[in-house]
Amino acid sequence: RVLDMAQNMVGRIRMRVEAPAGTRIVLRHAEVLDRDGNIYFGNLRPARQTVVYTAKGEGREEYAPHFTFMGFRYVKVEGYPGSPGDELPLEAFVGEVLHSDMEPSGSFETSDERVNKLQSNIRWGQRGNFLDVPTDCPQRDERLGWTGDAQVFIRTALFNYHGGPFFTKWLRDLKAEQHPDGGVPFVIPDVASGASS
């Protein structure tokens, strides 16, 4: 059974369930469907984008992961109580968008709805890739603060949102990991060194 959030987003699913103790519910997140309409995980590479919840069996339970996020539109739900052919109770699954808190700064609107949709997609993409660090993408194995991506996008980012506090924090992280010769790692925080901010 697959949920469609009707919008690519970055965040998590908050799930409500009433199930016997030990019931294992698996949520697998993806952005796209294949040409046959099946949920597609191939573009994720080694990233799993999977949440596994084991019910306590103490009545109605609510769960949302605290230490991760997913980039997704679709969620494959396995193990939720009910027969395999039953429809999922949509009210039991809420998509929660996560991003760094940034006030909007600039906007524009044109007479061409395609351009307006492009700008809307850019803003959604920015929020999805500004979660503590400026990431390359929020769904694959590149959920890292790539310095090149931030450099290329910074003008647009600052037009869309007041990003001063966001970039100040991240540039402090960069300074902390700058090499003695002045160079910087490709990714900040530098996961290869095991350092973090």
**Report entry** Residues (more than 25 Å from residue 43 (Cα to Cα) and open to solvent by 50 Å² or more (accessible area, probe 1.4 Å)) located in the stretch 163-192
**Finding:** 165, 168, 169, 171, 172, 175, 176, 178, 179, 180, 181, 184
Query - Output for the stretch 101-113, where each listed residue is farther than 11 Å from residue 162 by Cα and either hydrophobic (A, V, I, L, M, F, W, C) or surrounded by 15 or more Cβ atoms within 10 Å (Cβ to Cβ) (or both) - result: 108
Query raised in the report: Hey, any hits in the stretch 67-77 for a residue that's at pLDDT 95 or above, open to solvent by 60 Å² or more (accessible area, probe 1.4 Å), under 14 Å from the mean Cα position of the chain (by Cα) and closer than 30 Å to residue 131 by Cα?
Result: yes
Requested in this report: Answer yes or no: is there a residue in the stretch 47-55 that is open to solvent by 70 Å² or more (accessible area, probe 1.4 Å), free of Cβ contacts under 8 Å to residues at least 40 places away in the same chain, over 23 Å from residue 131 (Cβ atoms) and out of contact with any Pro (no Cβ under 7 Å at 6 or more places or on another chain).
Outcome: yes
Requested in this report: Run residue 160 past the list (1) touching a Pro at 6+ places or on another chain (Cβ under 9 Å); (2) modelled with pLDDT of 95 or more; (3) exposed (fewer than 15 other Cβ atoms within 10 Å of the Cβ) and report the number of the one that doesn't hold.
Outcome: (3)
Requested in this report: Scan the stretch 21-44 and report the pairs whose first residue is free of Cβ contacts under 8 Å to residues at least 24 places away in the same chain and whose second residue is open to solvent by 40 Å² or more (accessible area, probe 1.4 Å) and assigned to a strand (DSSP E or B), with Cβ atoms within less than 8 Å and a gap of 6+ or a chain change.
Outcome: 34/40; 40/32; 40/33; 41/28
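The values are calculated or read from the model by the stated rules, or taken from the named source; none is laboratory data. Here the structure is a predicted model, which is why all the values come from computation and not from measurement. As a convention, Cβ positions derive from the backbone with ideal geometry for all residues, glycine included, and neighbour counts pool all protein chains shown. With ligands, DNA and RNA removed, areas are computed over all heavy atoms of the protein, side chains included. Shrake-Rupley method; radii C 1.70, N 1.55, O 1.52, S 1.80 Å.
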